[in-house]
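The values are calculated or read from the model by the stated rules, or taken from the named source; none is laboratory data. Every value quoted in this text rests on a predicted model; they were computed, and no experiment measured them. Note: ideal-geometry Cβ built from the backbone for every residue, glycine included; neighbour counts use all protein chains shown.
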Amino acid sequence: MDGSPVAVMIYFQGVSKSFGRHRVLDELDLHIERGKITFIIGKSGEGKSVTIKHIMGLLKPDKGRIIVDGSDIAEFSRDEARSYRRHFGMLFQHAALFDSMTVLDNILFPLREHTMMSTKDMLVRADEVMEQTGVRQLRGQFPGELSTGEKKRVGLARALVAKPSVLLYDEPTTGMDPLISEMIDQLIVEVSQKETGITSIVISHDLKAAMATSDQIVFLYKGKAALSGPPDDFRQSQDPVIRQFFAGKVEGPMEFL
Amino acid sequence: MVRLPWLARTAFNKIRTQAEQVGAFLLFLAEIAQQALRLPFRRHEIFRQIEFVGNQSLMIILLTGFATGAVFGLQIGGIFTIFRAEGIIGGATGIALSTELAPLVTGFLLAGRAGSAMTAEISTMVVNEQVDALEAMGISPIHYLVVPRVLASMFIMPFLCGLFMFAGIAGVWMIGRLLFNVDEGIFMDKLISMVQSTDIIKGLRKMFFFSFIISATSCRYGLNASKGAKGVGLATTNAVVHTLLLILVMDFMITWMEVRWLS
């Protein structure tokens with residue numbers, strides 16, 4: 001990791017965020033590298049989703065700066081934040097597909113909303129991402145007719161279609177069987193390899209996937225990044241909290257609220 | 001610091017919470033107005049909502065309008081017969097329908113039929129993270145979900161109110177003819193001479209404002225639904241109750257202004 005401004009895509013500088021009396025992020029410093037797969041892990045309630053919402057400009061920090069591609073997004077107006085978010089793709093935990101639209105219409109939705117592409121060009125692009133995620137045969141179906149794994153793949157196709165520079169995955173394998181989890185993990189890697197320059201940020205509890213697929217792991221604990229580095233750093237860490245999380249033990253120094 | 005008694009503090013907190021909610025609702029209405037002026041103009045979604053609110057509420061509006069006119073005719077017909085004034089049954093019902101009954105009952109019906117469906121649909125989208133998905137794609141949920149529903153409601157609900165009036169007149173005509181033997185010519189003559197075009201305009205104007213309240217309140221409760229199993233049901237119930245209350249408050253205010261200034 002060279003840490004140069006060009007390599008760093010997203011930079012949190014002393015970011016704090018509280019909800020009522022509960023401080024979720026506490027002077028958080030972290031950086032996420034461009035074109036890499038970064039896993040943000042930590043136990044429930046440690047601020048993983050809050051971190052992602054800050055990256056997307058859906059939440060503003062109480063204190064600190066969030067620099068994305070050189071701009072402090074905390075200073076964006078609501079309209080600026082909306083147009084900034086068009087550079088993101090997001091795969092939601094439950095895919096969040098629009099029930100009233102077919103798979104194809106769901107995938108075309110971001111293009112229809114944000115581009116002036118012709119229908120023919122939109123269909124060509126939709127075909128590309130459907131091929132990539134293996135959902136071409138589902139194009140005429142409605143989300144209610146799909147399995148959980150199929151919904152995730154369609155959600156990923158929708159997230160990819162507008163060629164985002166940052167792709168966010170919110171617990172992509174939670175509640176899924178090992179085979180589908182493996183398939184989703186493979187898709188994350190494939191997307192990162194095929195879509196050159198795309199920065200992938202994954203929120204997950206899945207340590208196995210984090211170790212196998214990530215370039216960088218950020219471990220959140222008590223509102224701070226207790227560790228940020230490649231999987232080997234995490235594996236070799238002697239920090240008792242990290243060892244406890246890695247071993248999945250209840251006994252240890254980690255506090256459960 | 002002076003320590004307020006428990007009751008005073010509770011009352012103060014309640015009032016403050018209510019004031020905050022009113023303020024948030026007014027800001028929401030302002031944002032609807034702001035977003036309505038923005039492109040793209042979602043023509044297809046507006047037509048879809050017009051079909052949903054208009055076409056799918058048509059039968060219930062016609063049936064209720066007919067029944068309301070018939071029942072009102074029955075009630076006043078009995079009284080008018082004492083004074084041998086059955087002939088004005090149509091005119092009297094027409095005035096009551098056009099100025100008050102039609103907008104109020106249509107408003108209540110549409111709040112229950114269309115407004116609750118809007119809240120349920122949007123709150124389900126909130127629970128299923130579809131509204132978050134819109135935000136994540138840089139699309140304003142107010143522009144995409146709320147503005148088309150509000151515009152469609154403001155366009156079609158006054159039409160439905162007009163149909164309610166028409167169905168109500170048909171109902172009272174049937175009662176007048178069948179039960180009170182009112183001559184058709186006298187019925188129509190009194191109806192036309194007693195019901196002024198301004199009475200109809202007053203009713204439609206009320207419905208225009210009610211339609212904004214119905215759609216905006218329903219959408220707001222939908223967007224603010226809490227995530228969880230109870231979220232959709234609670235949002236829908238609260239939306240209907242508050243919409244009905246707001247309709248009554250607005251009805252009083254509009255009538256008061258009409259009586260005080262416009263007449």
Selection status of B:Gln34, modelled with pLDDT of 85 or more and under 27 Å from B:Ile122 (Cα atoms): yes
Considering only the range A:148-257, give the helices (runs of 4 or more DSSP H) lying wholly within it that have at least 1 residues that are in contact (Cβ under 8 Å) with a residue 60 or more places away in the chain and crowded, with 20+ Cβ neighbours inside 10 Å. A:148-160, A:178-194, A:207-213, A:240-247
Among the residues of the range A:29-59, how many are within 17 Å of A:Gln13 (Cα to Cα) and within 14 Å of another protein chain (Cβ to nearest Cβ)? 8
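One line per residue, one yes/no per condition, for (1) over 29 Å from A:Asp99 (Cα atoms); (2) within 26 Å of the chain's Cα centre (by Cα); (3) surrounded by fewer than 20 Cβ atoms within 10 Å (Cβ to Cβ); (4) in contact (Cβ under 8 Å) with a residue 12 or more places away in the chain:
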position	(1), (2), (3), (4)
B:Met59	no, yes, yes, no
B:Ala70	yes, yes, no, yes
B:Ile82	yes, no, yes, no
B:Gly115	no, yes, no, yes
B:Ala120	no, yes, yes, yes
B:Val126	no, yes, no, yes
B:Ala133	no, no, no, no
B:Met137	no, no, no, no
B:Pro141	no, yes, no, yes
In the range A:46-68, the residues that are small (Gly, Ala, Ser), farther than 12 Å from A:Asp170 by Cβ and in contact with a strand residue (DSSP E or B) (Cβ under 8 Å, 6 or more places away or on another chain): A:Gly47, A:Gly64
Can you tell me which residue is farthest from B:Gly222 (Cα to Cα) among those in the range B:1-52 that are without any contact (Cβ under 8 Å) to a residue 40 or more places away in the chain and of a type in the set (Gly, Ala, Ser)? B:Ala8
With (1) free of Cβ contacts under 8 Å to residues at least 40 places away in the same chain; (2) more than 16 Å from the chain's Cα centre (by Cα) as the list, and B:Asn238 as the residue in question, which single condition is left unmet? (2)
Please return the ranges of helices (runs of 4 or more DSSP H) entirely within the range B:1-82 where 2 or more residues are acidic (Asp, Glu). B:6-36, B:43-54
For A:Ala81, which of the numbered conditions (1) more than 10 Å from chain B (Cβ to nearest Cβ); (2) surrounded by 15 or more Cβ atoms within 10 Å (Cβ to Cβ) fails to hold? (1)
Candidate set from the range A:84-106 (those that are in contact with a strand residue (DSSP E or B) (Cβ under 6 Å, 6 or more places away or on another chain) and among the aliphatic types (A, V, I, L, M)); member that is surrounded by the fewest Cβ atoms within 10 Å (Cβ to Cβ): A:Met90
Is there a residue being more than 14 Å from chain A (Cβ to nearest Cβ) and closer than 30 Å to A:Arg86 by Cβ anywhere in the range B:130-146? yes
For the range A:18-43, the count of residues that are in contact (Cβ under 8 Å) with a residue 40 or more places away in the chain and either buried (at least 21 other Cβ atoms within 10 Å of the Cβ) or not basic (Lys, Arg) (or both) equals 18
Conditions (1) surrounded by fewer than 18 Cβ atoms within 10 Å (Cβ to Cβ); (2) farther than 21 Å from B:Ile60 by Cβ -> B:Phe209 fails only (1)
Kindly indicate whether any position in the range A:140-155 is touching a strand residue (DSSP E or B) at 6+ places or on another chain (Cβ under 6 Å) and either under 24 Å from A:Ile32 (Cα atoms) or within 13 Å of chain B (Cβ to nearest Cβ) (or both). yes
Among (1) buried (at least 21 other Cβ atoms within 10 Å of the Cβ); (2) modelled with pLDDT of 90 or more; (3) among the basic types (Lys, Arg), A:Arg65 falls short only on (1)
Checking B:Glu184 against (1) among the charged types (D, E, K, R); (2) without any contact (Cβ under 8 Å) to a residue 12 or more places away in the chain; (3) surrounded by 19 or more Cβ atoms within 10 Å (Cβ to Cβ), which test does it fail? (3)
